[in-house]
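Some notes on the structure that comes next.
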Ligand code: FES
């Protein structure tokens with residue numbers, strides 16, 4: 001039995017200096033288009049690029065001191 005429902009709208013939260021938390025169902029695939037099973041209702045997707053279990057976060061972002069821009073700065077860039 002799945003831990004989530006497919007008709008539930010996903011919510012994505014960008015964690016400061018960390019992964020993207022996805023709550024709800026999304027279709028995850030490999031670069032070749034093969035489906036990746038989403039076993040949990042919430043998954044953490046790596047955005048630092050160093051996880052050993054990509055596309056998922058394994059916490060390595062802390063060891064490499066991954067830093068993201070503050071939301072205000074990123075929003076400013078989209079307004080330019
Ligand atoms: S964001 Fe956590 S390992 Fe990349």
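The values are calculated or read from the model by the stated rules, or taken from the named source; none is laboratory data. Here the structure is a predicted model, which means the values were calculated and not measured. FYI the Cβ positions are ideal-geometry reconstructions off the backbone, even for glycines, and counts take in every protein chain you see.
Within region 9-30, residues that are in contact (Cβ under 8 Å) with a residue 60 or more places away in the chain and farther than 19 Å from residue 54 by Cβ have Cβ atoms under 9 Å from residues that are within 16 Å of the ligand (Cβ to nearest atom) and assigned to a strand (DSSP E or B) in no pair, counting only partners at least 6 apart in sequence or on another chain. Just to check your reading of the model, which residue among 31, 16, 70 is modelled with pLDDT under 85 and either within 16 Å of the ligand (Cβ to nearest atom) or out of contact with any strand residue (DSSP E or B) (no Cβ under 6 Å at 6 or more places or on another chain) (or both)? That would be 70, the only listed residue that is modelled with pLDDT under 85 and either within 16 Å of the ligand (Cβ to nearest atom) or out of contact with any strand residue (DSSP E or B) (no Cβ under 6 Å at 6 or more places or on another chain) (or both).
Before we move on, is residue 54 within 10 Å of the ligand (Cβ to nearest atom) and at pLDDT 95 or above? Spelling it out, it is not the case that residue 54 is within 10 Å of the ligand (Cβ to nearest atom) and at pLDDT 95 or above.
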